[in-house]
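The values are calculated or read from the model by the stated rules, or taken from the named source; none is laboratory data. All values reported here derive from a predicted model rather than from experimental measurement. With ideal geometry, Cβ positions are generated from the backbone for all residues, glycine too; neighbour counts draw on all protein chains shown. Only protein heavy atoms, including side chains, enter the accessible area calculation; ligands, DNA and RNA are left aside. Shrake-Rupley method; radii C 1.70, N 1.55, O 1.52, S 1.80 Å.
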Amino acid sequence: MGLSNLRGVPDWQRRAGPATIIDGKAIAARLRQEVGREVATFTAAGGRPPGLATVLVGDDPASAVYVAAKHRACEEVGIRSFAHRLGADAPSGEVEALIDRLNADPAVSGILCQLPVPPHLDGVALTGRIAAGKDVDGLTVASAGALALGRAGLRPCTPAGVMRLLEEVGVELCGTNALVVGRSNLFGKPMGQLLLAADATVTIAHRRSKDLPLLCRRADVLIVAVGRPGLVQGSWVKPGATVLDVGINRTSDGLCGDVDFAAAAAIAGAITPVPGGVGPLTIAMLMRNTLEAARERQGSERPAVLTAE
Ligand code: NAD
C-alpha cells in the first residue's frame, strides 16, 4: 500500500497482525448506557416510556434464553417490557390476534416475534404482520424495502450492530472492498445493503460461490455469517483486514465462530472474538431500535401545529 493510500487509515489497519481484538462486550455496554441516558431524557421531556413486547411461541430453551436476555436489557436501560408466551401448539390465529393487539397498543413501541417458531407456524408471515413502525427487528418486507431504497426505517439489529463496531474501531468504508459471507434475510442481505449505503464496494458470497478463499483474500473488510466452525482459514485473510465473525457455533469445546480465530488474528488488523464480539451488539441495537420506534411514534401522535396562516 503506498503512503498516499494510508491517509485516514487507523494505525492498526496499516500493518498485518497481530490483530486488535475488538471488544464487542464493552462497546455494547457503552451503547446500552447511551440508550439508557436517551430514554431518561425522552421520558423526562414528556415522551411516553418506550415499551418492547416479545412474543415467544413454544418451549425452545435457546429462544427462552434469548428472550430473557432481551427483557434484562430493557430493564437496564429503562425500557418497559411485556413478555407474551404461547404454547407450542398455539394456532396461527391466536398468534396473529396477539400481534394485532400489540400493533394497536399505544404502550408498545416495538414488537419482536422470537424465531424460530414451531413448524406448524409461518415465522415470515407472523413477522410480516408486525406494524412497520414497531418492527424493531427490521425484518418485515416494509423495513427491508426501506433499507434497499435508502429510506428511513428500522434496521435489522445484528447488521446494524456490525456497522456500529466498524464505526467504533474507525474503519473507513468508503471505497473499501467488503465481503459478506452468507446471504440470509436475517443478516447477509441487510448487511450488504448497509455497507453499500456506506459506499463500500460490496460482494456477497454464499454456498454456491466459487473460490471463497480468493474472495476473502481480496477483502479489506471480511464479515462472515454462515454457521460453520472454522470455515474461514487464517491463510484466506488479507493482511491488515478487519474481520467480523458473526457465526455462533456450539461445539464440544464451547462457543466458536466461523473464522479460525487464532490463525486469522495473526494476520488481520482487527478481529472480533466469539463469544464477546458481534453477539452482544444485537441486543444493544434492539434497545436503540425500540427507543427510535418510540420517538418516531411520539412524533406521529403529536397533533399538527395549527397557525393562523
Ligand atoms: P442461515 O443458515 O440463514 O444462512 C447461512 C448462509 O451461509 C447461507 O446464505 C448460505 O448460502 C451460506 N453458506 C453456507 N455454507 C457456505 C459455504 N460453505 N460457503 C459460503 N457460504 C455458505 O444463517 P444466518 O441466520 O445468517 O446465521 C449465520 C450464522 O450467524 C449462524 O451461526 C448464526 O448463529 C449467526 N448469527 C449470529 C447473530 C448474533 O450474533 N446475534 C445473529 C444472526 C446470526
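Under a 5 Å amide H cut-off, with hydrogens placed 1.01 Å from N, VAL117 pairs with GLY123 among residues at least 5 apart or on other chains. Atom-type composition of the exposed protein surface of the stretch 46-132 places 57 percent of the accessible area on carbon and sulfur (1.4 angstrom probe). Among GLY153, ALA64, GLY299, which residue has its Cα furthest toward the positive end of the charge dipole of the chain, with +1 on Lys/Arg Cβ and -1 on Asp/Glu Cβ? Farthest towards the positive end: GLY153. Where does the Debye-calculated log10 I(q)/I(0) of the stretch 19-66 sit at q = 0.13, 0.25, 0.31 Å⁻¹, using only Cα point scatterers of equal weight, no solvent? Result of the Debye calculation: -0.58, -0.90, -1.04. Report the one residue of VAL232, ILE99, LEU86 whose Cα lies farthest in the direction of the positive end of the charge dipole of the chain (charges on C-beta: Lys and Arg +1, Asp and Glu -1; origin at the Cα centre). Farthest towards the positive pole: VAL232.
Over the Cα atoms of the stretch 138-217, each weighted equally, I'd like the Debye log10 I(q)/I(0) at q = 0.14 Å⁻¹, rounded to two decimals. Debye intensities relative to I(0), on a log10 scale: -0.46. Probing with 1.4 Å while keeping every protein chain in the model, the per residue accessible area of the stretch 46-132 equals 46 Å².
Taken per residue, the accessible surface of the stretch 221-282 reaches 37 Å², heavy atoms only and a 1.4 Å probe. Across the stretch 106-116, coupling constants 3J(HN,Hα) worked out from phi with the 6.51/-1.76/1.60 Karplus curve, θ = phi - 60°, read x, 6, 9, 8, x, 10, 10, 9, 5, 9, x Hz, and Gly and Pro carry x. Working from Cα pairs under 8 Å separated by at least six residues, relative contact order for the chain is 24 percent. If you bin every alpha carbon distance in the stretch 46-132 into 5 Å steps from zero, what whole percent lands in each bin? Percent of Cα pairs in each bin: 3, 14, 27, 24, 19, 9, 3, 1, 0.
Counting only the Cα atoms, the chain fills a convex hull of 159 Å³ per residue. With contacts taken as Cα pairs under 8 Å and at least 6 residues apart, the stretch 46-132 reaches a relative contact order of 41 percent. Largest accessible area first, the listed residues LEU98, LEU196, LEU212 line up as LEU196, LEU212, LEU98 when surface is computed with a 1.4 Å probe on the assembled protein chains. Available extension along the chain between ALA88 and ALA262 is 58.5 nm, counting 0.36 nm per residue and deducting the alpha carbon span.
Each residue of the stretch 285-290 is assigned a 3J(HN,Hα), and the resulting list reads 5, 4, 5, 4, 4, 5 Hz, derived from the Karplus form 6.51 cos²θ - 1.76 cosθ + 1.60 (θ = phi - 60°), x at Gly and Pro.
Equivalent ellipsoid of the stretch 178-224: semi-axes from √(5λ) of the C-alpha gyration tensor, largest first, are 16, 13, 7 Å. Between ILE99, ILE223, ILE21, the residue with the greatest mean-square fluctuation in the GNM of the chain (Cα pairs under 10 Å linked by springs) is ILE21. DSSP beta bridges fully contained in the chain are about 10 percent antiparallel. Accessible area ranking (1.4 Å probe, heavy atoms, ligands and nucleic acids excluded), largest first, for SER109, SER209: SER209, SER109.
Net charge dipole, the stretch 46-132: roughly 340 debye, given to the nearest 20, about the Cα centre with Cβ charges of +1 for Lys and Arg and -1 for Asp and Glu.
Among THR176, THR41, THR282, the residue with the largest mean-square fluctuation in a Gaussian network model of the chain, with springs joining Cα atoms closer than 10 Å, is THR41.
Using a probe radius of 1.4 angstrom, the carbon and sulfur fraction of the accessible surface of the stretch 134-219 is 52%.
If you run the Gaussian network model on the chain, springs between alpha carbon atoms under 10 Å, then out of GLU94, GLU75, GLU292 the most flexible one is GLU94. To the nearest ten degrees, helix 24-44 and the longest principal axis of the Cα atoms of the chain are 30 degrees apart.
For the chain, adding -39500 (n - 2.57) for each run of n ≥ 4 DSSP H residues and dividing by the number of residues yields -12000 deg cm²/dmol at 222 nm. Sorted largest first by accessible area at a 1.4 angstrom probe radius, with every protein chain in place, the residues LYS210, LYS25, LYS189, LYS134 fall in the order LYS210, LYS25, LYS189, LYS134.
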